[in-house]
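The structure appears below as structure tokens.
The values are calculated or read from the model by the stated rules, or taken from the named source; none is laboratory data. Remember, predicted model here, so these are calculated numbers, not experimental data. Note: ideal-geometry Cβ built from the backbone for every residue, glycine included; neighbour counts use all protein chains shown.
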Amino acid sequence: MNEQSEKIDQIIEKFKNEKGTIIGLMQDIHGEYRYLPEEVLLRVSAELDIPMAKLYTLATFYKSFRLEPVGKHHVRVCIGTACHVNGATKIVETLERELGVKSGQTTEDNQFTLETVNCLGACALGPLVLVDGEYHGKIDQGKLKKLLNKYR
Ligand code: FES
């Protein structure tokens, strides 16, 4: 049995023992993989007798769940109001051009996933880019170039 399989066993056991919520179970899976792999959902569905349709409904309803894997670097650009007025649109356009993907997509080499988000709660730092959970504030084209070079 491999490590990932054991981890899923633990998540399933935890759900059974603690009589957890399905959302909590899915959050645990998401925390492990950074997305919800179909094969894991199938296993959970079979072992816990939860219809796949229910799991998919929840997975698509909650925006924090992903059904596709994330690239090595997860780039999120805030397009909330404060960041928008400070030029977030141009930042997104540059990233889309440089990475060759649209927002919501992952580069072919799986190095970058680009996403836009609404307000990361640090409006004074706008425009704001988050890379692998690290905040980069007051981003301009020059800083963006350096940032991309750092992660490439
Ligand atoms: S609008 Fe971007 S952090 Fe609030």
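Any residue in the range 131-147 that is among the aliphatic types (A, V, I, L, M), within 22 Å of Arg34 (Cα to Cα) and not in a loop (DSSP other than H, G, I, E, B)? Yes, the range 131-147 contains a residue that is among the aliphatic types (A, V, I, L, M), within 22 Å of Arg34 (Cα to Cα) and not in a loop (DSSP other than H, G, I, E, B). In the range 116-135, the residues that are within 17 Å of Tyr151 (Cα to Cα) form Cβ pairs under 8 Å with partners that are within 6 Å of the ligand (Cβ to nearest atom) and part of a loop (DSSP other than H, G, I, E, B), at six or more places apart or across chains, as follows: Leu128/Leu120; Leu128/Ala122; Leu130/Leu120; Tyr135/Leu120; Tyr135/Ala122; Tyr135/Leu128.
Results for (1) modelled with pLDDT of 95 or more; (2) over 30 Å from Asn17 (Cα atoms), shown as yes or no for each residue.
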site	(1), (2)
Glu39	no, no
Met52	yes, no
Pro69	no, no
Ile79	yes, yes
Cys83	yes, yes
Gly100	yes, yes
Gly121	no, yes
Leu128	yes, yes
Ile139	yes, yes
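Can you tell me which residue among Glu32, Glu13, Glu47 is exposed (fewer than 12 other Cβ atoms within 10 Å of the Cβ) and assigned to a helix (DSSP H, G or I)? It is Glu13.
For (1) β-branched (Val, Ile, Thr); (2) crowded, with 18+ Cβ neighbours inside 10 Å, each residue gets a yes or a no:
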site	(1), (2)
Glu98	no, no
Gln105	no, no
Phe112	no, yes
Ile139	yes, yes
Gly142	no, no
Lys146	no, no
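Is it the case, given these coordinates, that Leu55 is in a helix (DSSP H, G or I), surrounded by 13 or more Cβ atoms within 10 Å (Cβ to Cβ) and touching a Ser or Thr at 6+ places or on another chain (Cβ under 8 Å)? So Leu55 fits the description; yes.
Answer yes or no as to whether Arg34 is outside the structural domain of Leu147 (by TED's automatic domain parsing), farther than 15 Å from Leu120 by Cα and in contact with a helix residue (DSSP H, G or I) (Cβ under 9 Å, 6 or more places away or on another chain). The answer is no for Arg34. Looking across the range 58-75 at every residue that is aromatic (Phe, Trp, Tyr) and either in contact (Cβ under 8 Å) with a residue 40 or more places away in the chain or not in a helix (DSSP H, G or I) (or both), the one that is farthest from Gln111 (Cα to Cα) is identified as Tyr62.
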